[in-house]
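To keep things clear, I will list the structure first and then write my remarks on it.
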Amino acid sequence: MGTRYGGLLAAPAMLAVCSAVLAAAGQAPAYRAPRTADGKPNLNGIWQTISEADWDVEGHSAAPGRVLALGAEDAVVPGLGVVEGGPLPYLPAAASKRKENFEKRLTADPEIKCYLPGVPRAMYLAQPFQIIQSATHVMMAFQYAGAIRTVYMTNHTDAPADSWMGWSNGRWEGETLVIDSTGFNDLSWFDRSGNFHSDALHVVERITAAGPDHLNYEATIEDPKVFSRPWKMSLTLYRRKEKGARLLEFRCVEFVEELIYGQLRKPGTKAP
Amino acid sequence: MQRAIVAAGVGLLLMAGTLRAHHAFSSEFDVNKPLTLKGTLVKWEMINPHSWFHLEVKQPDGTAIEWMIEGGSPNSLIRQGVTKNSIQVGMELTIEGYAAKDATNKAVGRNFVLPDGKRLFVGSTSTPDPAPAPAK
Amino acid sequence: MRHRFIASLGLPLAAVVVAVMASPRVAGQTAGPAKPAPAKPAATKKYTVPRTPDGQPDFQGFWTNSTYVPLERPDNVQKAFYTDQEFEVAVKAAAAREAEQTEPGTVADVHYDFSQFGLDRSQSAFVKNLRTSLIVDPPNGKMPPLTAEGQKRAADRAAERRRMGATTDAVQNMPIGTRCLIMAGSGPPMMSAGYNSNYQIVQSANYVMILVEMIHDARIIPLGGGAPLPDSMRQWMGDSRGHWEGDTLVIETTNFNGKNPFRGSSDRMRVTERLTRTDANVLSYQFTIDDPATWTAPWTAEAPMTRSVGPIFEHACHEGNYGVANTLAGARLEEKKAAAAAAAKKGAN
């Protein structure tokens, strides 16, 4: 490589060769995310899935909705599914419970009552969430119901008690944020179609920046009270890029009060 | 003069917005229905805004009735190192309180007492960092 | 059996309080009469605030604003600061009041003993603040007078509450905290919640997150610009934007929806908050309320924070809100019983 132009051209040429080799091996070169000031992959931002996983994490066709008067707006949007490798491996008793959940979903789906969404459902709701990342904590703030996940990056401890959003301990493996979560109650669902878990739920998530504006998200679900083996889901999270992108308030408790408590109001009084 | 100011200031220093303003307990529980329940703890829901203790109370005829007893937010206890493992299912508790107005087996627990007469929780007067359980 | 947890009253105050003296940073504030302000602990050495990896002042961690100091100065107190001794006496008395025996069989007794849950202020960290009021401006420690519009709005709100009926008629008649919509003190401005009054601050390069413990409200404050919400968009906690002025974080909030009014504020209230870490364990917190629709002048208060203990456990309020259903069910049952009793009486006549 005699000339400086040759030198300048050499680097991209080398990169192209590397990419080609890796592509031939079936792997894209790993994207190296920009770093935070403390040297970690920078996952800060406002993210949202473009998937239909909240309707049903398994592959599903379009279907009628729950409320006749809402017509096409409540109809189930079809999706290829985010679950890897076949139908969800329910234990026999759990499979019956899942069916029962589906039949009762209009009254039983916790999302309808503005209850906290649990994990991993919070990650694929049709509303954005924001990652705020420090050296010791990765916070995830969800627009839906103002839900919060705290991921402890140091001082890992066990859950002091069960909660809706679980207890999350995180660590870095190269480019990937690995989050290990337990301490869930048994009250949240995985989606609107009644897929569910028990309080034995254990979720391991792997979040990796795949480019400047999208994250690869994988979650392994383990719940020996409900499933015969662990199973995995994967989906893409996209950065909300519009000017001024931000979380807004979706304080839905106010919107569901009459639904939940309306039958207990004083007779003769009117709902607002 | 100084003393008078201090004395007056004392009463008025107390913030108006204490716990009791949050929630009109007397509209949920009945001051005319005091009760004492003795039973076995079957579950402690460490939830907010109030925790709930589920107590299995044996009846004279040998059957058991499950009561739900309302207590305080668990968050401060957790700050002081109390966890779901601190209170054992199977513990015998005596609860003095007031029955719910809705005539179900619910009550607010004024006092929670262990068989040896000790109170169930004794808040500490200082706030050391709780010793966290190391993750497995 | 009703013996109170009196031992907590004998606690050495130093065990749980952190000294917070007059903030040196309050603009436009006077200490009242010529009495000198209490000595500042930083008088002899200047505190250097640590920096985040991004180079910003580091406010991260767990803080509490739990305090015994009222917003407004009591009527019979003229001075701006108590002495150390007066403070200790007052706090002991306040702690005793919180732990006091209630008269068995009275309405006040219908409550769990919250000292058993560590919820009374004396059992957790609270700020040692010698001020006689949180309000530092006006210098008399009280809110300025209401405007005519402010008075009318207060009267209208009171009339609306009466029109709505009893709090037990329907959930919408209950206080917003009971409904788990928001705790009133979450604001902004952030006021002590009475218990669980804790905050977690996490900072990234472009945002400061202040997580309010109760009902898990995360204030996410963007730094350095960004378009404000249009006037037509209103939120419970308004729209906050922050920037640094030296080592002070300044947060400006507008676009309130008016559903959680602060001491009678309108939805045009503008809140300016200033946070400065003045010591390892002290976060100075000052707020100015500018609401010409309600008060004849802006007013400023200081409500400093001290270090608290983490972690903050999930405060899922709505999800566990048995109390609302129990209360409504009880009220409906009592109405039925009263109606049956009245009918029986009528039948007997």
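The values are calculated or read from the model by the stated rules, or taken from the named source; none is laboratory data. Please read these numbers as outputs of a predicted model, since none were measured by experiment. Note that each Cβ is placed from the backbone with ideal geometry, even for glycine, and that neighbours are counted across all protein chains shown.
All of C:Val309, C:Val324 fail the test of being under 30 Å from A:Asp158 (Cα atoms), of a type in the set (A, V, I, L, M) and either not assigned by TED's automatic domain parsing to the domain that holds C:Ser197 or not in a strand (DSSP E or B) (or both), apart from C:Val309. Counting the residues of region C:303-348 that are over 30 Å from A:Pro160 (Cβ atoms) and either touching a residue at least 24 places away in the same chain (Cβ under 8 Å) or at the interface with chain B (Cβ under 9 Å from one of its Cβ atoms) (or both) gives 7. For region C:286-299, the criterion of being out of contact with any His (no Cβ under 9 Å at 6 or more places or on another chain), closer than 18 Å to C:Thr67 by Cα, in the same structural domain as C:Tyr207 (by TED's automatic domain parsing) and at pLDDT 95 or above is satisfied by at least one residue.
Each row is one residue, and each column tells you yes or no for (1) under 21 Å from the mean Cα position of the chain (by Cα); (2) surrounded by 19 or more Cβ atoms within 10 Å (Cβ to Cβ).
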site: C:Pro53; (1), (2): no, no
site: C:Tyr68; (1), (2): yes, yes
site: C:Glu72; (1), (2): yes, no
site: C:Thr83; (1), (2): no, no
site: C:Glu88; (1), (2): no, no
site: C:Ala108; (1), (2): no, no
site: C:Ala155; (1), (2): no, no
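In region A:108-128, the condition of being assigned to a helix (DSSP H, G or I) and more than 12 Å from the chain's Cα centre (by Cα) is met by at least one residue.
Across region C:77-91, the number of residues qualifying as in a helix (DSSP H, G or I), in contact (Cβ under 8 Å) with a residue 60 or more places away in the chain and more than 9 Å from chain B (Cβ to nearest Cβ) comes to 1.
Looking only at region B:49-104, residues that are part of a loop (DSSP other than H, G, I, E, B), within 12 Å of chain C (Cβ to nearest Cβ) and of a type in the set (S, T, N, Q) come to 5 in all. Only one of the numbered conditions (1) in contact with an Asp or Glu (Cβ under 7 Å, 6 or more places away or on another chain); (2) more than 14 Å from chain B (Cβ to nearest Cβ); (3) more than 30 Å from A:Arg240 (Cα to Cα) is not met by A:Leu68, and that is (1).
Of all positions in region C:133-152, none carries a residue that is buried (at least 18 other Cβ atoms within 10 Å of the Cβ), closer than 26 Å to A:Gly146 by Cβ, away from every other protein chain (no Cβ under 11 Å) and at pLDDT 95 or above. Mind listing whichever residues of region C:289-321 are within 28 Å of C:Ser124 (Cβ to Cβ), touching a Pro at 6+ places or on another chain (Cβ under 9 Å) and of a type in the set (Ser, Thr, Tyr)? Of everything in region C:289-321, just one residue is within 28 Å of C:Ser124 (Cβ to Cβ), touching a Pro at 6+ places or on another chain (Cβ under 9 Å) and of a type in the set (Ser, Thr, Tyr), namely C:Thr300.
In region C:170-192, of all residues being out of contact with any His (no Cβ under 6 Å at 6 or more places or on another chain) and without any contact (Cβ under 8 Å) to a residue 40 or more places away in the chain, the one that is surrounded by the most Cβ atoms within 10 Å (Cβ to Cβ) corresponds to C:Met183.
Against the numbered list (1) assigned to a loop (DSSP other than H, G, I, E, B); (2) touching a Pro at 6+ places or on another chain (Cβ under 8 Å), A:Gly194 comes up short only at (2). Kindly check whether there is at least one residue in region A:102-123 that is in contact with a strand residue (DSSP E or B) (Cβ under 9 Å, 6 or more places away or on another chain), surrounded by fewer than 22 Cβ atoms within 10 Å (Cβ to Cβ) and over 23 Å from C:His216 (Cβ atoms). The answer is yes; a qualifying residue exists.
Residue count for region A:146-187, restricted to those that are within 13 Å of chain B (Cβ to nearest Cβ), farther than 18 Å from C:Val202 by Cβ, charged (D, E, K, R) and assigned to a strand (DSSP E or B): 1. In the set C:Thr254, C:Thr178, only one residue is of a type in the set (S, T, N, Q), assigned by TED's automatic domain parsing to the domain that holds C:Phe59, at pLDDT 95 or above and in contact with a helix residue (DSSP H, G or I) (Cβ under 8 Å, 6 or more places away or on another chain); that residue is C:Thr178.
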